[in-house]
Amino acid sequence: MSHHSITLVVNGELQEAEVPARRLLSDFLRDDLHLTGTKRGCETGVCGACSVLVDGEVVKSCLSLAVHAHGCAVTTVEGLAQGEHLHPLQDAFMRCGGLQCGYCTPGFLMASCALLAQNPKPTEHEVRQGLNGNLCRCTGYTQIVESVLDAAEKLNGN
Ligand code: FES
Ligand code: FES
């Protein structure tokens, strides 16, 4: 199988790799870079557990090829915290009960991150709409939405 050289920045670190043409971005991140925070769920683009940011846009990494991330900046859940300091979204999810089993959480965090970057003061409806590509079996969504609204307030300095 033919391999391709890719160069990309993942969570601020330059990565160079040889990958098969059809290597999924999710497999590249988890199995090659050992960034296992990105979850494999449905692997068909439905659940959002594998969501990462590619140049700031939410991408379902189970549907995306590693070669397509060549030249891009990828952020995974491991890239959110700053040293010991959780990202305000991570902190809010912990405080507001935005996670139970936690399997969906990395995907929700990345989708929420992109949402707040585009719309720093979303309404509840806009949060629900912005996260409609992510599924959670545990929380019933209300606490996830509250977590995102709480983080938005913190990020806006309220
Ligand atoms: S694992 Fe990618 S959307 Fe479910
Ligand atoms: S917290 Fe369990 S699937 Fe969302």
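Values for this structure:
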item	result
Fewest-first ranking of Met94, Met110, using other Cβ atoms within 10 Å as the exposure measure	Met94, Met110
Rounded to whole Å, sorted largest first: equivalent-ellipsoid semi-axes of region 3-79, Cα gyration tensor	17, 14, 11
Cα-Cα P(r), the chain, percent of pairs per 10 Å interval	12, 42, 33, 12, 2, 0
Charge tally in the Cβ shell below 14 Å around Val46, where Lys, Arg are +1 and Asp, Glu are -1, Val46 excluded	+3
Gaussian network model of the chain, springs between alpha carbon atoms under 10 Å - residue of Glu18, Glu78, Glu146 with greatest fluctuation	Glu18
Over the chain: helical MRE at 222 nm, DSSP H runs n ≥ 4 each giving -39500 (n - 2.57), nearest 500	-8500 deg cm²/dmol
Anchor Lys39: lysines whose Cα lies under 21 Å away (excluding residues fewer than 8 positions away in-chain)	Lys60
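Every number here is computed from the coordinates shown, using simple stated rules; none is lab data. All values derive from a computational prediction rather than experimental measurement. Using ideal geometry, Cβ is built from the backbone for each residue, glycine included, and neighbour counts are taken over all protein chains shown.
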